[in-house]
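Student: First, the structure itself, so that you have it in front of you.
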Amino acid sequence: MNETQASQLPVYAGNDLGAVWRSSATAFRLWAPTACSAALHRFATGTDAEPEAADLGTLAMQRSEGGTWYLELAGDLAGQYYQYELQFQDGTSTVTADPYAHAAGAGGTRSMVLNQAAAVPDGWQKDERPAIPAHARSVWEVHVADFSADGHSGVKPEWRGKFMGFTPDDTTLDNDGEHPTCLNYLKNLGISHVQLQPIYDYATVDESRPDGGYNWGYDPQNYNVPEGSFATDPFHGEVRVRECRAMVQALHSAGLGVVMDVVYNHTYYSNSWLERTVPGYWNRRWPNGMMTNGSGCGCDLASERPMVRKYVVESVLYWATAYHIDGFRFDLMALEDVDTMNAIRAALDSLPGGESILLYGEPWMGGGTNLEGGARPADKRALDALHERIGFFCDDTRDCIKGNVFDAANAGYVNGAPQHGYDVLHSISAWRSGAHGFWPKRAGQVVQYVSAHDNYTLWDKLAAVGRRGDYDCPDADLLAQNRMTAGIYLPGSALYAGRRGVGPHQARRPQQLQGAAGHEPVGLDPRPPPGVCRADGVLPRHAGHPPRLSAAERRGRGAGAVYSGAAGLAHRLCAGERRHGHGGSAGRLLQPRAHPPVGQPASRYLAQSKRRRPRRCDPLRPLLPGCVGAGPDERDGAGGGVKV
C-alpha cells in the first residue's frame, strides 16, 4: 500500500477501539477498512491446552463508521477470550488477536475482555505519581526478570523475576536483616526514577512454561498488554494487569517514578496483529514493496500515517492513565516522526499533572527507512521542531568521555585522549553552544550517560582501551578513570542516565553507594569473588567484599542497576566511597554472543542477531570458556548511537 492508497482510507476519530467492557454488555470495535467481512470468535480460555478450554462460537460483525467493524454482546463477558477473523477482496483471510486489547491469554494470541476495576491491587485508587522536581531527576534501568531473580534476594520463590518481586519493601540478603535487597535497596540508592526494559507483551518468551526463555523484550507483540512471563499466572489475563499495577504502586510508595521503555518503532513479526487487520498500511515500505529496516530488526511502523499515529499516542496515554506510568523512553526515537512525538507530548500534558511525565528517547535509527509526506525523523537535527520537553540520549557526551562505542580501542577524555577536553566542557553545559551541530532548547532535553544496555559498559570500555587482559581484575587506574567519569557527567546540566547493573555487578561488588563520602570499611578485600563472569553495569567498581562474608554470600548478590546518577551520587562516586549494601536481583552475569533464539524463524535471525540475547547464568557456577562479554557486534542496531 503506497502513500496515496493509505491516505484514501477513512480515519476513525473515536476512542473506543478494542473491547469496551460494561457489566451489562461488551462492545467490540476494530479498524479494518479494507476488509470485506469481519467476525468475532470467542473462547473460554486463552489457549486450547487449558482444562476449561471451549469454543464459544463465531459471530459476524457489522460495518460501522470510520472504516471500523462493530459488535455489541449482552451480558458480563469479562474473562472471555477472542480473536477476529477477516476476509479481504483479493480472497485472502486472516485470524488475528485484537491489536487494541488490554489483556491477553498465555502466548498473547488470544485477547481477553478486561474489567479494569477487577484488575487492580488493594489501594490502587490512592496511588499517585511522586512529586519529583526537575533538578532531582535521575534514571536507573533494570529488567523485571533480573531485578529479583537471585535466590539470595530474600524474595519468595514464586515472585522472583516477576512484577511482584518489586513489591516487598523489607527484603534482605538471605533474610539476614542487615543487607537490603530489591526495593529495600532502591529506596536508599539516591535515584529518582526506575526505567523498566520492555514490560508490554513481547513475542519471544513462551509464557506457558516457567522456563520459557529470556529476552530483553524489544520484540513487541501486544503493545497495550503487560508481559505474561512477569506474572505469577500468565493464563488469566487479569493477573498480569493487576500485578503490573502492584509493581508501579510499590515503586511509587517508595517515592520512585516509573519510566517505561517503549518500542513503537517496529513490530517483531511482519504479519503482526496490526498488519493482519489492514494489510500494507501499518509498516513503512520502499517503492518496491519491501518493508524498511530502520530498526535493524525489520518491520518499521509508519508513525506518520494518521491511524498509526493515533495508535501510538493512545497507547502511551493508556499506560500513563491505566498504570500511572511516570515517563516513557522511546527506543530508536528517530524512527518516529516529529509530529507524532509532539502529539504524544501534547497528549500527556493534557492529563492532570501530565507535564511532569518524562518523555525522551534515542535520537538515532539502526538503518534506512522511508518516511512519507516530508515527515521529519525525531533526531537531533529536528530539535528546532521537537517540543522542548522531549529529551534525547546524548551519544556525544558518552563518546567524548569514554571513546567511540563502535571502536573498542578508541579513547575518550578520561582514558587517554585529552583532545576531547573541550567537548567535555561543552557536555557539562548540555551542548547548548551548538559545538556539535545541534542546539538543545533547554538543558533538560539532554540525557547525559556513559553506559546503556547496548554496547560496552563503561568498565569494559575502559579495560579495552587500557588493553587489560582481565576485565575482572581491580585496577587503580581504571577506578580513577571511572570516578573521573562520574565527576564529569553527574554534576553538570541535564538529566542523568546510567546503565542498569542487573545484579551481576553487585554480585561481584557487594559494597555499594551508601553512607558518607570517602568512608572505607575496615578490612576490605579488593579481590572479586571467584568464578563470577564479567558483568554488565554502569560505573562498575571493584569495591571488593568484606572477608567475613562466605563465598556463597559474596557471589549471591542481586540486583539492581545504576542507570542513572543523581547529582546526589556524584560526590560519593568521585570520592570512591565503598560501603556495605546489596541489590536484590542477579539475573544474568554476562552478555553472550548473539545466537538465534530457539524456535525463531531462521529467516529473521540475521536482523534479530543485532540485539543481544542475554541468558541467565548461575552466579555460583565457575566461568566457562564460552562465557564472554558483549562485543561491539552485539549492539542494538545502532544502539550505541549513530551520530546524526
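The values are calculated or read from the model by the stated rules, or taken from the named source; none is laboratory data. Here the structure is a predicted model, which means the values were calculated and not measured. Note that each Cβ is placed from the backbone with ideal geometry, even for glycine, and that neighbours are counted across all protein chains shown. Protein only, heavy atoms only, side chains kept; ligands, DNA and RNA dropped before computing areas. Shrake-Rupley method; radii C 1.70, N 1.55, O 1.52, S 1.80 Å.
Student: Taking Trp431 as the residue in question, decide whether it is hydrophobic (A, V, I, L, M, F, W, C), over 27 Å from Leu462 (Cβ atoms) and at pLDDT below 95. Steps first, please.
Tutor: Details: hydrophobic (A, V, I, L, M, F, W, C): yes; over 27 Å from Leu462 (Cβ atoms): no; at pLDDT below 95: yes.
Considered against the rule, which asks whether it is hydrophobic (A, V, I, L, M, F, W, C), over 27 Å from Leu462 (Cβ atoms) and at pLDDT below 95, Trp431 comes out as no.
Student: Determine which member of the set Ala106, Ala53 is in contact (Cβ under 8 Å) with a residue 60 or more places away in the chain and either closer than 30 Å to Pro491 by Cα or not charged (D, E, K, R) (or both).
Tutor: Ala106
Student: If a residue must be touching a Cys at 6+ places or on another chain (Cβ under 9 Å), surrounded by fewer than 22 Cβ atoms within 10 Å (Cβ to Cβ) and either among the charged types (D, E, K, R) or assigned to a loop (DSSP other than H, G, I, E, B) (or both), how many such residues does segment 410-432 contain?
Tutor: The number of residues fulfilling the criteria is 3.
Student: Give me a count of the residues in segment 384-409 that are open to solvent by less than 10 Å² (accessible area, probe 1.4 Å) and of a type in the set (Phe, Trp, Tyr).
Tutor: Qualifying residue count, segment 384-409: 2.
Student: Within segment 76-87, is even one residue touching a residue at least 24 places away in the same chain (Cβ under 8 Å) and touching a Cys at 6+ places or on another chain (Cβ under 8 Å)?
Tutor: yes
Student: When segment 14-24 is examined, which residues are found to be in contact with a Leu (Cβ under 8 Å, 6 or more places away or on another chain), part of a strand (DSSP E or B) and over 14 Å from Gln83 (Cβ atoms)?
Tutor: Once the filter is applied, which keeps residues that are in contact with a Leu (Cβ under 8 Å, 6 or more places away or on another chain), part of a strand (DSSP E or B) and over 14 Å from Gln83 (Cβ atoms), segment 14-24 yields only Trp21.
Student: Looking only at residues in segment 22-52 that are among the hydroxyl-bearing types (Ser, Thr, Tyr) and open to solvent by 20 Å² or more (accessible area, probe 1.4 Å), which one is nearest to Val225 (Cα to Cα)?
Tutor: Thr47
Student: Could you tell me which of the residues Pro210, Pro180, Pro198 is over 20 Å from Ser153 (Cα atoms) and of a type outside the set (Lys, Arg)?
Tutor: That would be Pro198, the only listed residue that is over 20 Å from Ser153 (Cα atoms) and of a type outside the set (Lys, Arg).
Student: Just checking, how many residues over segment 247-261 are open to solvent by less than 10 Å² (accessible area, probe 1.4 Å) and over 17 Å from Thr204 (Cβ atoms)?
Tutor: 8
Student: Still on this structure: State all residues of segment 445-469 that are open to solvent by 50 Å² or more (accessible area, probe 1.4 Å) and modelled with pLDDT under 90; if no residue qualifies, say none.
Tutor: Selection gives Gly469 alone.
Student: Right, something else. Are any residues in segment 108-163 buried (at least 24 other Cβ atoms within 10 Å of the Cβ) and among the acidic types (Asp, Glu), and if so, which ones?
Tutor: Passing the criteria: Glu141, Asp146, Asp150.
Student: Continuing with this model, one more query. Given (1) at pLDDT 95 or above; (2) farther than 23 Å from His453 by Cα; (3) out of contact with any Gly (no Cβ under 9 Å at 6 or more places or on another chain), identify the lone condition not met by Val316.
Tutor: That leaves (2) as the condition not met.
To keep it simple, each residue is scored yes or no on (1) within 30 Å of Tyr82 (Cα to Cα); (2) among the hydrophobic types (A, V, I, L, M, F, W, C).
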position: Thr267; (1), (2): yes, no
position: Val313; (1), (2): yes, yes
position: Leu335; (1), (2): no, yes
position: Val338; (1), (2): no, yes
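Student: A further question on this structure: Among the candidates Ser148, Ser111, single out the residue that is within 30 Å of Ala19 (Cβ to Cβ) and either modelled with pLDDT of 95 or more or β-branched (Val, Ile, Thr) (or both).
Tutor: Criteria check complete, one pass: Ser111.
Student: Oh, and also: Kindly indicate the residue of segment 120-136 that is among the hydrophobic types (A, V, I, L, M, F, W, C) and part of a loop (DSSP other than H, G, I, E, B) and also nearest to Gly361 (Cα to Cα) among those meeting that condition.
Tutor: Only one residue tops the list, namely Ile132.
Student: From the set of residues in segment 53-70 that are surrounded by 15 or more Cβ atoms within 10 Å (Cβ to Cβ) and among the polar types (S, T, N, Q), which is nearest to Ala13 (Cα to Cα)?
Tutor: Looking at residues that are surrounded by 15 or more Cβ atoms within 10 Å (Cβ to Cβ) and among the polar types (S, T, N, Q), I get Thr68.
Student: Checking Gly367 against (1) in contact (Cβ under 8 Å) with a residue 12 or more places away in the chain; (2) more than 21 Å from the chain's Cα centre (by Cα), only one condition comes out false. Which one?
Tutor: (2)
Student: Test of understanding: among Val139, Val155, which residue is outside any helix (DSSP H, G or I), among the β-branched types (Val, Ile, Thr) and within 16 Å of Ala246 (Cα to Cα)?
Tutor: The match here is Val155.
Student: Do we find that Arg381 is basic (Lys, Arg) and farther than 26 Å from His453 by Cβ in this structure? Please lay out each step first, then the result.
Tutor: On the way: basic (Lys, Arg): yes; farther than 26 Å from His453 by Cβ: no.
Here the answer is no, as Arg381 does not meet what is asked.
Student: Since Pro10 meets every condition but one in (1) under 31 Å from the mean Cα position of the chain (by Cα); (2) surrounded by fewer than 20 Cβ atoms within 10 Å (Cβ to Cβ); (3) in contact (Cβ under 8 Å) with a residue 24 or more places away in the chain; (4) within 20 Å of Arg305 (Cα to Cα), which condition does it not meet?
Tutor: Condition not satisfied by Pro10: (1).
Student: Next up: Which one is surrounded by the most Cβ atoms within 10 Å (Cβ to Cβ) among residues in segment 173-215 that are polar (S, T, N, Q) and touching a helix residue (DSSP H, G or I) at 6+ places or on another chain (Cβ under 7 Å)?
Tutor: Selected residue: Thr181.
Student: Which of the numbered conditions does Ile191 fail, given that it passes all the others? Conditions: (1) closer than 30 Å to Ala334 by Cβ; (2) modelled with pLDDT of 95 or more; (3) not charged (D, E, K, R).
Tutor: (2)
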